[in-house]
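The structure under discussion appears below in the form of C-alpha cells.
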Number of protein chains: 2
Amino acid sequence: MSTSFHGETSLEPADGDEGGGNGAREVVAALVDSNVEVMFANPGTTEMYLVAALDRVPEMRPVLCQFEGVAAGAADGYARMTGRPAATLLHLGAGFGYAWPNLHNARRGGTPVVNIVGEHATSHLGLQSPLESDLETLAGTVSGWVRRATSANSVATDARAAVAAANALSAGRDVTDPGTTSTGGAVATLIVPADVSWTRRVAPTPTAATSADQISDDNDADPAPAAAAALRSGGQVALILGAGSSSDDDLRAADRLRQATGALVYAETFPTRRRRGVGLPVIADLPFQAEQTRQLLEKVDCAILLDTPEPVAAFAAPGRPGRLLPAQTSIIRVPRHRASSLLAELAAALAPDVRPTAAPRLAAGGDVLSAGALTAKNWGDVFAAALPEDAIISDESITSGMFGLIDAMTHAHPHDTLGQAGYAIGQGIPIATGAAIACPGRPVFNLQADGSAMYTVSGLWTQARENLDVTTIILDNGRYAILDGELERAGGAGLPMAESLINLSRPSLNFVAIARGMGVPGAIASTGIELRAALGRARATDGPFLIHARLSA
Amino acid sequence: MSTSFHGETSLEPADGDEGGGNGAREVVAALVDSNVEVMFANPGTTEMYLVAALDRVPEMRPVLCQFEGVAAGAADGYARMTGRPAATLLHLGAGFGYAWPNLHNARRGGTPVVNIVGEHATSHLGLQSPLESDLETLAGTVSGWVRRATSANSVATDARAAVAAANALSAGRDVTDPGTTSTGGAVATLIVPADVSWTRRVAPTPTAATSADQISDDNDADPAPAAAAALRSGGQVALILGAGSSSDDDLRAADRLRQATGALVYAETFPTRRRRGVGLPVIADLPFQAEQTRQLLEKVDCAILLDTPEPVAAFAAPGRPGRLLPAQTSIIRVPRHRASSLLAELAAALAPDVRPTAAPRLAAGGDVLSAGALTAKNWGDVFAAALPEDAIISDESITSGMFGLIDAMTHAHPHDTLGQAGYAIGQGIPIATGAAIACPGRPVFNLQADGSAMYTVSGLWTQARENLDVTTIILDNGRYAILDGELERAGGAGLPMAESLINLSRPSLNFVAIARGMGVPGAIASTGIELRAALGRARATDGPFLIHARLSA
C-alpha cells in the first residue's frame, strides 16, 4: 500500500484486459516498451488499476516496498547499476513526500528514475478530499520533468515521454519538453489520475516517443579542443570524475593523462558510482572536508568536470568561501554522454604510449584479524580482505568510512561503489536493494552508519521477500559522530542537553533483532575475527544477512 | 541527526552564551516565550547552533527522533492533546520531505505545528551544494504559513510570528501575514539559515508578536442565527463535529440538540480528536465508505459543519459524485474558535431542559475471552474491556478497526481518540509518542495496522528513550486488507502478481523482535485470553510495550 489511507468501496468494476485496454495497462505497457522492466511499488487506492495491470503485462517486474523511501532509493540503485531507469509506483502527495529525500539523491546523482504517481480522479480534485495536495508543485521540487496525464488515449505517450526525458536528462542532453523543470536531475514524474487509469483507450495506441525536437545533443561546443589545450598548456589541470566517467577504462584513461600531463585526477566526493580495487589506478575522492579539498585544488588553473558539478563546500562556514576552486580557475564541463569518449580521445592523443598504473593486492588483512576490538580504523581492512569478486557496495558509512576504508578498498577485489550522491541519509538499504535487483549474480554489501539506518530499515523486508544477496553491515558507534565536531564548533560540546541529541545509546539499538523481525538473519561482531566470521556466514547464507558491527572508540 | 549527511569541519567557534545571544538562541527563547515547550528534533549540521542553544534555554524540552516522520507526527499528537503547538527541528529539504506526510495529517486536522528548518547559510545558496533545494516551495505545499528568517536581529520576531500564525490558523482565524499560503491548515514553517543562527544579535530583542492587524477574528457573520434558524425550521439538519467540537460538553450539547430538534449528529470520519466512552452520548463517526455516508445524509437540508470540512468521498469512483451531501443542502461553517461556544448556546436556547444520554458500561467482554482465535471482529471487545481510565488512543487500525471496535469503545472508560486526520499512513506510532509527551499521567494506546506500521517504526525507540507509557497493539492480518476490495473492483482479484502486492506475509513481520531491537519489550497474542494477558503485562511494565496481535480471518 502506501503512505496513505486507502480503500473506498465504490469503484466500478474494471474494464479488465479486454479490448483496447485501460489507461493503467497503457502506462505499464509503454514503460516496458521503453525498456523499463522493474517497478518498485508502494501502491494505494489510486494505483489499484495500475496494480491490476501488472499481470497483463508480465514483462514488468513489480517489487513491493513497505515505504516509499525504500522504493525511491531502490529505483536509484537499480539505475546506477544498469544505466536504465526503473519505475516507482507512489500514492498521491503523501507517498511522494516520503520518497522525496531519496529522489533528491537521484536528482543530485543525475540518475534516471521514472515516478508513476497515482492521483485522484480529475473530477475529484478541488473537493479537498483528505489526501488532496498540490502534487505538481511538490513533484516539481525534486523532478527534472513533470507531467499530468489527461487521457487514456495519450497516457502511453506520456509514459514514453517520461522515460525519454529521464534518459536524456541523465545523459546531460538538452530537453525542451514543456514538463522540464528547473531543478535539474533526471527524475521524471508522471502523475496519473485514477480516471485516466480506469478509462479504456478508444483511440489507436500512439507509438511516437518524445519527438526528436524535444531532446537534442548538447548544443554547446564540444569540450574536446579546450580540454586538450588545457592539458597541453603547462598549467595545472584537474580532472574531476563523476558517475559518467567512472568505468575501468575511464579510470585508466584519466590515470594515463595524469602521468603524461601532470594533471590532478580526483573522483567527486561520495561518488554516485565508481570503480575501485586491485588492478585499477588509485584515484582519490575529493575529501568531504572542504578545507582539505580547497588545499588540494588551490593551484588549479583549469578544472575539467566530467559529469560532476563544480566542487563546493557541503555546508557554509562563517567567513569562508563556499567555492573550493580558485576564483580564476577556468572550468570545462563535460556532460555524461560525452565523458567516457572524451577521456578516451584525450588519452589516445596525449598519452598514447603510457600504461596505466594498477593497485596491488595487499596481504589479506591478517594483521588486523586479532581478537582485539573492532574500531573505525580497522574494520575496513577486515572487510576489504573478505570482499568477494565482482561485488557492489552501497556506501552510507559516513564517519565510520573516513578512517581507512577507502585505502583498504583500493586493494580489494575490483568492485563498484555507490555513494551518497545527494547527502540525504537513508539511502544505504534502498540503494543496495535496487542494485541487487539490477545485478542478480553479484554480491551486494551495504555499509550502513547506525544513525541513518532506521530511516528506511523496512528495505530489509524487501530484501528478504526477494531473497536478495545483500549483506548489510551496521557500523555502530552509538552516536551521530559526524555531528561531534559540528556541535563543538557551535559551542555545544559538553552541554548535556545538546550532547544527548547526538547520542544513540539510550537505548542502544539491536539491529540483529530488528533484522530478524523482517526475516533477515544476522550476527553481532565486536572484533576483527568476529567480523570475518560473520562475513563468512553472510556469504554462506542464501538471501540477505545483517552484521551488527560494534565499533569501539 | 537527520535526513542528510552532516559534518564539515570548518565552522567558526560559536559565540556561545554571552552578550546578546546568537540567532539560534533567539529562536529557542522566542518559542519558549510563546509557550512552545517541546521540540521534536532530528537535527543536522545546519541546526547545530540551535542544538547548542538548548542548554541555554532549559525551559525547552528536546525530544530526539531518529526520523523526521516521527518528529512531525509527534508534534501533531502533542498539539492535538494540548491545543498548543510543539516545534519540530528538521534538516533542510531532505528532512522536510520525510516529514511531509505527517505534516499533511496535521494540516488536514487543523493542528498547530511549528517547523524550525535549518537551511544553508545565505551566502551558500545558489552554489548548488549537495543538499540545496527549493525549501520555500517544498514547505509551501503543506504549510499554512512560511517565512525565511533574514537576520539574528529579527529572528525572534519571526519565531513568535510562526507560533502566532499556527495558533490563529488552528483556531480558524483569519491571518493576513504575507507568509500565509494557500494550503490552509495550521502548520507554520520558519526557515532559519545557518548564518542567522550563528550571528549574534546586535539590536535589542524585539518583543512584539505578530501584530494584531495580521490576525483577526473571523469577519464572516456569526453562524449562530443561521444555525438556530435551521434547527428550528423543521427541515433535516445534520451537525457534523470536528476536533473543535469534540469535548464531553460538546458531545452532550449536540446530543441534547439531537433529542430536542431531531437533528442528525455525526463526528467526522477518522476524527482528529474526539471523546468516547461510558457516560457520554453515543455519536457515530461518518463511515469511511462513501456510499454509506451518502445514504445517511441523503435527506439533509442543512449541514452545520463544526470545525470540519464538508464530507466528501475519500477517493473518486467512476460515475459517482464525490460530494456526499445533497446538492441543495445549505451549509453553515463554524470555525474551531467558535464551535464549542456555539453548541453550548444552541443547546441552552433550543434544548434547555433536555438531559444528555449516556452510554452504559457493558459486561467486561467476558464472552469473547475464550481461548478462541483473535479476529478483526472480537479484538476490540477485549481491548475495550481492559482499557484503563483516562486513556488516549492513537487509532491507525484501518480495516482492523472497522468490525466492531467503535461499538466496543463506546462502552469503555471515557477516553480520547486521535484518528487519521489526513489519511496519510505512518502516523500511529508518532501520534502516540507525542500524546504521551503531552500527557505524562495518562496511558496511551496505539492501535496500529500492520501494513502501515513500518513507516515510522523508529518512533518506538523514542518511546523507550523517553520511557513513555505507550502500548502499541499491532493488528496483523498479513495484508493491506483495505486494498482487497479496491483490487477486486480494478479487475485484479485472483491475479497472482497483483495479489502479491497487497500481501505482507512473505516474509511475515515479527514486531516483537523489531520492538525489542529498539528497547521496547513485547508479547504476541493470538487469542482473546492472550491479548488480555498481554494488556495486563503492558500495564505492569514501566515504559512502552508492544503487543503483536495476530488476527485470524
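The values are calculated or read from the model by the stated rules, or taken from the named source; none is laboratory data. Every value quoted in this text rests on a predicted model; they were computed, and no experiment measured them. With ideal geometry, Cβ positions are generated from the backbone for all residues, glycine too; neighbour counts draw on all protein chains shown. Please note that ligands, DNA and RNA were not included when accessible areas were found on the heavy atoms of the full protein model with its side chains. Shrake-Rupley method; radii C 1.70, N 1.55, O 1.52, S 1.80 Å.
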- prompt: Under the condition of being crowded, with 21+ Cβ neighbours inside 10 Å and without any contact (Cβ under 8 Å) to a residue 60 or more places away in the chain, which residue from region B:160-176 is nearest to B:Val114 (Cα to Cα)?
  reply: B:Ala162
Counted residues, region B:253-310 - those being over 25 Å from B:Leu350 (Cα atoms), of a type in the set (S, T, N, Q) and out of contact with any Asp or Glu (no Cβ under 7 Å at 6 or more places or on another chain): 5
query: In the set A:Arg506, A:Arg479, which member is facing chain B (nearest Cβ under 7 Å) and either within 25 Å of B:Arg516 (Cα to Cα) or touching a residue at least 24 places away in the same chain (Cβ under 8 Å) (or both)?
result: A:Arg506
message: Could you go through region A:502-519 and let me know if any residue there is touching a helix residue (DSSP H, G or I) at 6+ places or on another chain (Cβ under 7 Å) and over 27 Å from B:Gly522 (Cβ atoms).
response: yes
- prompt: Mind checking which pairs have a first residue in region A:383-395 that is on the phi > 0 side of the Ramachandran plot and a second that is in a loop (DSSP other than H, G, I, E, B), Cβ under 9 Å, 6 or more apart or different chains?
  reply: A:Asp390/A:His413; A:Asp390/A:Pro414; A:Asp390/A:Cys439; A:Asp390/A:Gly441; A:Asp390/A:Arg442; A:Asp390/A:Pro443
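Which of the residues spanning region A:273-309 are of a type in the set (S, T, N, Q) and closer than 26 Å to A:Ser170 by Cα?
Selection gives A:Thr308 alone.
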query: Which of (1) modelled with pLDDT of 95 or more; (2) open to solvent by less than 10 Å² (accessible area, probe 1.4 Å); (3) within 11 Å of chain B (Cβ to nearest Cβ) is the odd one out, the single condition A:Gly428 does not satisfy?
result: (3)
- request: Please find, within region B:73-90, the residue that is most open to solvent (accessible area, probe 1.4 Å) out of those that are aliphatic (A, V, I, L, M) and more than 10 Å from chain A (Cβ to nearest Cβ).
  value: B:Met81
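Can you find, within region B:59-109, the residue that is nearest to the chain's Cα centre (by Cα) among those that are acidic (Asp, Glu) and closer than 22 Å to B:Ser34 by Cβ?
Among those residues, the one meeting the criterion is B:Asp76.
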- prompt: Looking at region A:141-152, is at least one residue assigned to a helix (DSSP H, G or I) and touching a helix residue (DSSP H, G or I) at 6+ places or on another chain (Cβ under 8 Å)?
  reply: no
statement: Flagged in region A:233-248 as closer than 17 Å to A:Leu350 by Cβ and among the aliphatic types (A, V, I, L, M), in numbering order, are A:Val237, A:Ala238, A:Leu239, A:Leu241
message: Among the residues in region A:383-395, are any under 21 Å from A:Arg107 (Cα atoms), crowded, with 24+ Cβ neighbours inside 10 Å, within 14 Å of another protein chain (Cβ to nearest Cβ) and modelled with pLDDT of 95 or more?
response: yes
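Condition check: at the interface with chain B (Cβ under 8 Å from one of its Cβ atoms), closer than 16 Å to A:Ser452 by Cα and in contact with a helix residue (DSSP H, G or I) (Cβ under 9 Å, 6 or more places away or on another chain). Does A:Leu487 satisfy that?
Against the criterion (at the interface with chain B (Cβ under 8 Å from one of its Cβ atoms), closer than 16 Å to A:Ser452 by Cα and in contact with a helix residue (DSSP H, G or I) (Cβ under 9 Å, 6 or more places away or on another chain)), A:Leu487 does not qualify.
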- request: Output the residues belonging to region A:182-219 that are part of a loop (DSSP other than H, G, I, E, B), modelled with pLDDT of 80 or more and open to solvent by 40 Å² or more (accessible area, probe 1.4 Å).
  value: A:Ser182, A:Thr199, A:Arg201, A:Val202
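Condition check ((1) within 14 Å of chain B (Cβ to nearest Cβ); (2) part of a loop (DSSP other than H, G, I, E, B); (3) modelled with pLDDT of 95 or more) across all residues:
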| position | (1), (2), (3) |
| --- | --- |
| A:Ala221 | no, yes, no |
| A:Ala227 | no, no, yes |
| A:Gly235 | no, yes, yes |
| A:Gln259 | no, no, yes |
| A:Thr272 | yes, yes, yes |
| A:Val300 | no, yes, yes |
task: Tally the residues that are farther than 18 Å from B:Leu135 by Cβ, in a helix (DSSP H, G or I) and open to solvent by 10 Å² or more (accessible area, probe 1.4 Å), restricting the search to region B:91-111.
output: 1
statement: Residue count, region A:274-298, condition among the charged types (D, E, K, R) and in a strand (DSSP E or B), comes to 4
query: So which of A:Gln463, A:Gln448 ends up being within 30 Å of A:Ala316 (Cβ to Cβ) and at pLDDT 95 or above?
result: A:Gln448
field: Yes/no for A:Glu466 being closer than 20 Å to A:Ser400 by Cα and open to solvent by 30 Å² or more (accessible area, probe 1.4 Å)
entry: no
- request: Return yes when A:Gly144 is closer than 19 Å to A:Gly93 by Cα, at pLDDT 95 or above and open to solvent by 10 Å² or more (accessible area, probe 1.4 Å) and no when it is not.
  value: no
- request: Kindly list the number of the only condition in (1) assigned to a loop (DSSP other than H, G, I, E, B); (2) within 23 Å of A:Thr527 (Cα to Cα) that fails for A:Ala421.
  value: (2)
- line: All-but-one check, B:Thr157 against (1) touching a residue at least 60 places away in the same chain (Cβ under 8 Å); (2) in contact with a Ser or Thr (Cβ under 6 Å, 6 or more places away or on another chain); (3) away from chain A (no Cβ under 14 Å), failing number (2)
task: Being crowded, with 19+ Cβ neighbours inside 10 Å, at pLDDT below 85 and acidic (Asp, Glu) is the filter here, so list the residues in region B:1-59 that pass it.
output: B:Glu8, B:Asp15
message: Looking only at region B:52-90, how many residues end up being basic (Lys, Arg) and assigned to a strand (DSSP E or B)?
response: 1
query: Given the structure, is A:Arg323 within 14 Å of chain B (Cβ to nearest Cβ) and open to solvent by 50 Å² or more (accessible area, probe 1.4 Å)?
result: yes
query: (1) within 26 Å of the chain's Cα centre (by Cα); (2) at pLDDT 95 or above: which one isn't true of A:Phe288, the others all being true?
result: (2)
query: Taking into account only those residues within region A:516-531 that are touching a residue at least 12 places away in the same chain (Cβ under 8 Å) and facing chain B (nearest Cβ under 8 Å), which is surrounded by the fewest Cβ atoms within 10 Å (Cβ to Cβ)?
result: A:Gly519
query: For region A:384-395, how many residues meet the condition of being part of a helix (DSSP H, G or I) and under 21 Å from A:Gln463 (Cα atoms)?
result: 0
